[in-house]
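K.L.:
Would you mind keeping the following structure in view while I ask a few things?
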Amino acid sequence: MTVRIAPSILSADLSRLADEIAMLEEGGADWIHVDVMDGRFVPNLTFGSKVIESVRKLTKLPLDVHLMVVQPENYFDDFAGAGANGMSIHTEVSPHLQRQLNRIRELGCRAGAVVNPGTPLTAVSEVVDDIDLLLVMTVNPGFGGQQFIKGSLDKIRRAREMLGANGSKAFLEVDGGIDRKTIKSVWESGADTFVAGNAIFSAKDPRAEIGELRKRCTTQV
Ligand code: DX5
Ligand code: ZN
């Protein structure tokens with residue numbers, strides 16, 4: 001399985017965004033993870049379509065947009081227009097999940113469904129055919145730099161089984177507390193795509209850290 005590292009710019013120094021994105025590219029990042037927060041679904045506010053548009057101008061890497069917002073459908077058109085390649089929506093605030101996912105696909109983007117730590121995988125079991133990505137949160141969303149919830153490993157194993165049983169080729173992404181210590185067991189549990197914010201941006205050498213994380217999935221470190 002291919003390992004994908006998706007650094008989250010939530011932890012970047014936004015006053016130097018162009019340098020930070022260039023650094024991530026040089027380090028071999030696969031995707032750029034953009035955390036959109038609305039102060040309602042989560043207790044924090046971050047980026048809107050203007051920032052996505054700016055990031056789009058700075059890189060050709062796929063933009064993996066994580067919508068931590070209520071009524072995410074209100075943003076689909078704007079974000080797709082701004083250059084998002086994938087949009088992931090939380091099952092907890094998406095009562096018409098199947099329709100919402102299909103709208104994301106219609107806009108030419110990868111459709112992702114997200115489950116919070118307290119949300120069972122049954123929240124997505126009826127829409128496996130409609131997702132291109134399943135994001136299992138390994139912290140409660142809202143802030144970078146939180147501690148990985150260990151109980152998530154079993155959920156990731158079950159998520160991998162569920163995708164396999166349905167013949168799904170969807171990516172299995174994890175987000176929250178991914179670092180040198182946690183990534184290997186998460187990879188072994190079946191995840192293939194890893195969001196990392198704090199681990200990369202607070203590292204002594206952030207550029208090299210991307211490779212360090214990847215290495216822990218592919219070799220016995
Ligand atoms: C959390 C965000 C994450 C966050 C991850 O609400 O969805 O993407 O940036 O940050 P770290 O890797 O620092 O836990
Ligand atoms: Zn995220």
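K.L.:
For the chain, list the DSSP H helices whose alpha carbon atoms reach 20 Å or more along the long axis and whose average Kyte-Doolittle value is 0.0 or above?
P.N.:
Values: long enough: none.
Helix filter hits for the chain: none.
K.L.:
Taking the Cβ of S185 as the center, what net charge do the other residues with Cβ under 10 Å away carry, scoring Lys and Arg +1 and Asp and Glu -1? Intermediate results must be reported in sequence, preceding the final value.
P.N.:
Values: positive: K150, K181, K184, R216; negative: E188.
Every neighbour counted, the sum reads +3.
K.L.:
Relative contact order (percent) for the chain, with alpha-carbon contacts under 8 angstrom and 6 or more residues of separation? Before the final figure, lay out each step's value.
P.N.:
Numbers: 440 pairs, mean separation 47.2, N = 221.
That works out to 21 percent.
K.L.:
Order these by the 10 Å Cβ neighbour count, fewest first: V3, V65, V115.
P.N.:
Details: V3 17, V65 31, V115 20.
Ordered from fewest to most neighbouring Cβ atoms within 10 Å, V3, V65, V115 come out as V3, V115, V65.
K.L.:
So what is Rg over Rh here for the range 24-102, counting just Cα atoms and using Kirkwood for Rh? Write out the running numbers ahead of the final one.
P.N.:
Values: Rg = 12.7 Å, Rh = 13.0 Å.
My calculation puts Rg/Rh at 0.98.
K.L.:
Taking a cut-off of 22 Å between Cα atoms, list the lysines near K181, but don't count ones fewer than 8 places away on the same chain.
P.N.:
K150, K155, K204, K215
K.L.:
How are the C-alpha pair distances of the range 114-221 spread across 10 Å bins, as whole percents from the shortest bin up?
P.N.:
Here the calculated profile for the range 114-221 is 15, 47, 30, 8, 0.
K.L.:
Given the DSSP H assignment, sum -39500 (n - 2.57) over each helix run of at least 4 residues in the chain and divide by its residue total; what's the result at 222 nm in deg cm²/dmol, nearest 500?
P.N.:
Details: 9 runs with 79 residues, N = 221.
Theoretical 222 nm ellipticity from helices: -10000 deg cm²/dmol.
K.L.:
Could you list D130, D78, D154 so that the one with the fewest beta carbons within 10 Å of its beta carbon is first and the one with the most is last?
P.N.:
On the way: D130 19, D78 14, D154 10.
The fewest-first ordering by Cβ neighbours comes to D154, D78, D130.
K.L.:
At 1.567 mPa s and 4 °C, plugging the Kirkwood radius over alpha-carbon pairs of the chain into Stokes-Einstein gives what diffusion coefficient in µm²/s? Write down the numbers at each step before the final one.
P.N.:
Values: Rh = 17.1 Å.
It comes out at roughly 76 µm²/s.
K.L.:
What are the trypsin sites (Lys or Arg not before Pro) within the range 99-208 that DSSP puts in a loop, where the Cβ has at most 16 other Cβ atoms within 10 Å? Before the final figure, lay out each step's value.
P.N.:
On the way: sites: R99, R103, R105, R110, K150, K155, R157, R158, R160, K169, R180, K181, K184, K204, R207; in loops: K150, K169, R180, K181, K204.
Listed in order of number, the matching sites are K150, K169, R180, K181, K204.
Bear in mind that the values in this text are calculations on the coordinates, not laboratory data. Just so it is clear, the structure is predicted and the values come from calculations on it, not from any experiment. Here Cβ is always computed from backbone atoms with ideal geometry, including for glycine, and neighbour counts include all displayed protein chains.
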